[in-house]
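Read the figures in this text as sums done on the coordinates, not as results from a lab. These numbers were taken from a predicted model, which means no experiment stands behind them. Virtual Cβ from ideal backbone geometry, glycine too; neighbours counted across all protein chains shown.
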Amino acid sequence: MNTMSKTCPLVLVLLVATAVACSGGGSSAAHSQAGIQAAGAGTSGSTPGLAGTTGAAGQGANGGASGGLPAGAAGGGSITTGGIPAAGAGATAPGGSAVEAGATAPGGTTVMGGTTVMGGTTRTGGSTAAGGTTSRGGSAVAGGITAAGGTARTGGFTVAGGTTAAGGITASGGAPSDGGVAATGWVTIHNDFFWYDSTGLLIQVRSGALRQFNGIYYWFGSQPGGIDQTCYASTDLLHWTYKGVPLVTAKLCDRMDVLYNDTTKQYVMFLKYDGDKASFGTATASAPEGPYTFLGNVLVDNNYIGDMSMYKDDDGTAYLAYVWDQTGPNRQHGIYRMSADYLTLDTRMYLFDVPSREAPHIFKRNGTYYYGVSETNGVQPSPTRYYTATNLTGPWSAATMLVTPGSSTTYETQCDFVFPFTGPQGTVYMLDADRWIPTGGFQGDYLWLPYTFDTAGNPTANYYQDWDLNVAAGAWREFDRTTRDLALGKTVTASSTNGANAASNVTKATTYQDYTASRWESAASDPQTIMVDLGSAMAINRVVLKWYSNYGKSFKIQVSTDSTTWTDVFSTTVGASYSVTDEKFATTTARYVRMNGTQRGNANGYSLFAFMVLSDP
């Protein structure tokens, strides 16, 4: 994902537009890591506001590359609002972890601070739009609604062993592993919405990596502009806790990855170091969330690299997949075996002549290696192609286009990585892709989809706005709203409505293609309620709310048998724009379920696309 040499085009979108950080040096438009801004809502609340231009949601432009223009689209999160309480007492190291002043990693030629590609325009903070609270210091265009939650984060990290909030994330003993069991039972992955952490701030893991250590999932990435590497943790892939900045990087670094070395017992962070014409950086830590100590940066066989990722094979050997600039930007790709301690380059295994491709990633299935790539297409989405081989030394097949029914651009994204979830029922191979320019019903910064494979081993990525994953079993299934949503088609009443945005819209069976055209919105005042009558008392234990950019910041989910006496089953004060509230609670008997909003997220009313009630085993 080229961050410096590309120029972001001006793009009008319905809700959020984002700036990008793509790879190796020669593509036509830059993936600027400037911050995402939340979507502009119509002043009346009944009509979506004019979309902003390209930028990133609710994030500050922190020295990003050229062209990252602020957006005016809606921020939001595909994870549940509220979620896991933030960790309480863990000590915070002031100012984050060590900057990259350390010793040069053994092997290779050291690049003195990396080479900065000229021409990138540094973005600065910018002002907050009237009425909007900026998340993490981002800029907002006039009339836009910034992403929920307000306090800008600084570079600190929580040291290993910090106190975990009740029910939160506690590391256990044993050797870390990728793809292992963390969550038990089924969780629903929600696409087309934004992801927030437990404090209501937008998750920032552009061009990142998902890893599993000690029964906990860690999602790594970078801050806007590729400055400072971030870390989030979860036990269920639904509720994410911000773990801070495990490595402060004064240079632009993206496409980072983290592996655990079973021999040295160290966590090793790998970095595309200093812009598009980058070198290869390494850092180490004794805990997944850091702090990491920067070791140094080297050229790869005396030449710069572009996008990169890491792959750990079944025998514990680590490999670097990278774009190599020997014959020019984005002309070649390579696979390099790392030393036993993962700290130096050992042997180049293969070199591809692969022009105009980036975002390389490797996964393995049934003895076959897959090497996936995107196009070097700037901030624009692109199709995904892959090569296959039974040995990393080749021979590799010709490129094959990933089948994505109904889409020629991987559902408006750029591929990032494929993560395996293995259990007794099999392995789920999940594609993670970055959505730099949300449009229409395709909202959200990240897309997670399960692969299916034909008898020849060719993958297909079908699109699901909602799908279920069972990590413990290694299984997935479609989320069938028509059979599981007890509220579907049921009577809905609200304290108020705004225009044609009727309360009954929230229980219609809309799909991802048209769900943005059907919603409820209240009057622009507090408090407001919307209630579903299930028709009779029944056992329920879960509610799913899909929010528009006009969202509830503070609200409760309440249940009742008579619509008079209400019991709280969930409450939050960190609701967010274009987010999904997905909360499971102790099974209870109720006929009526309502959302009771006490504080709006902006000047408009409360607005929901969907209100689902479930009784899950």
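Mind listing the long-range amide H neighbours of PHE417? Cut-off is under 5 Å, sequence gap 5 or more, other chains count too, H placed in the peptide plane at 1.01 Å from N.
Under 5 Å from the amide H of PHE417: ASP432.
Taking the Cα centroid of segment 492-546 and of segment 234-290, what is the distance between the two, rounded to the nearest whole Å?
Centre-to-centre distance over Cα atoms comes out at 41 Å.
Along Cα→Cβ, 7 Å out, is where each label goes; now give me the distance between the ones at LYS364 and GLN513 in nm to one decimal.
4.0
Pop out the ³J(HN,Hα) list for segment 205-217 in order, Karplus 6.51 cos²θ - 1.76 cosθ + 1.60 with θ = phi - 60°, rounded to Hz; leave Gly and Pro as x.
9, 4, 6, x, 8, 9, 9, 10, 10, 6, x, 10, 8
Taking a 31 Å limit on the Cα-Cα distance, which of the listed pairs LYS243/LYS553; LYS364/LYS546; LYS364/LYS553; LYS490/LYS553 fall beyond it?
From the list (LYS243/LYS553; LYS364/LYS546; LYS364/LYS553; LYS490/LYS553), the Cα-Cα distance tops 31 Å for LYS364/LYS546; LYS364/LYS553.
Quick one: order THR564, THR384, THR452, THR230 by neighbouring beta-carbon count within 10 Å, fewest to most.
Numbers: THR564 7, THR384 27, THR452 14, THR230 23.
Lowest count first: THR564, THR452, THR230, THR384.
Express in whole angstrom the spacing between the alpha-carbon centres of segment 315-342 and segment 551-592.
So the separation of the two Cα centres works out to 49 Å.
Each residue of segment 418-427 in turn: what ³J(HN,Hα) in whole Hz from Karplus with 6.51, -1.76, 1.60 and θ = phi - 60°, glycine and Pro shown as x?
Each residue's phi maps through the Karplus curve to give 10, 10, x, 10, 10, x, x, 8, x, 10 Hz.
With the contact rule set at Cα under 8 Å and sequence spacing of 6 or more, what percent relative contact order holds for segment 188-479? All intermediate terms of the calculation are to be shown ahead of the outcome.
Numbers: 768 pairs, mean separation 36.7, N = 292.
Dividing the mean separation by the residue count of segment 188-479 yields 13 percent.
Mind sorting SER518, SER615 by how few other Cβ atoms lie within 10 Å of their own Cβ, fewest first? Before the final figure, lay out each step's value.
On the way: SER518 16, SER615 13.
The order, fewest Cβ neighbours first, is SER615, SER518.
Would you work out the relative contact order for segment 483-614, in percent, from Cα pairs under 8 angstrom that are 6 or more residues apart? Can you show the working numbers first?
Numbers: 357 pairs, mean separation 46.9, N = 132.
Value for segment 483-614: 36 percent.
Once both labels are modelled 7 Å past Cα along the beta-carbon direction, what's the ALA537-ASP616 spacing in nm?
It is 2.6 nm.
Where a ≥ b ≥ c are the square roots of the eigenvalues of the C-alpha gyration tensor, would you call segment 188-479 rounded, which needs a/c under 1.5, or, failing that, prolate if a/b is larger than b/c, or oblate? Please list the in-between numbers first.
Numbers: a/c = 1.30, a/b = 1.11, b/c = 1.17.
Taking the square roots of the gyration eigenvalues as a ≥ b ≥ c, segment 188-479 is rounded.
Amide H to amide H, which residues 5 or more places from SER571 or on other chains are under 5 Å from it, using H placed in the peptide plane?
Answer set, sorted by chain and number: ILE557.
Which length gain, in nm to one decimal place, applies between SER286 and THR460 when the Cα-Cα distance is subtracted from 0.36 nm times their residue separation?
On the way: separation 174, 0.36 × 174 = 62.64 nm, distance 3.80 nm.
Here the answer is 58.8 nm.
In whole Hz, what ³J(HN,Hα) sequence does segment 300-310 give by Karplus (6.51, -1.76, 1.60; θ = phi - 60°), x for Gly and Pro?
9, 6, 6, 9, 6, 10, x, 4, 7, 7, 10
Considering amide H positions built from the backbone, and no H for Pro or chain starts, which residues 5 or more places from HIS361, or on another chain, come under 5 Å of its amide H?
HN-HN under 5 Å from HIS361: GLY372.
So if each residue of separation counts as 0.36 nm, and I subtract the Cα-Cα distance between THR589 and THR483, what length gain in nm does that give?
On the way: separation 106, 0.36 × 106 = 38.16 nm, distance 1.91 nm.
Roughly 36.3 nm would be gained on extension.
For a label point 7 angstrom out from the Cα of ASP313 toward its Cβ, which stretches of segment 402-426 have the backbone nitrogen within less than 14 Å?
none
Could you check the spin-label model distance between ALA603 and ASN303? Points 7 Å from the Cα along Cα→Cβ, value in nm.
Distance between the two pseudo-spin positions: 5.6 nm.
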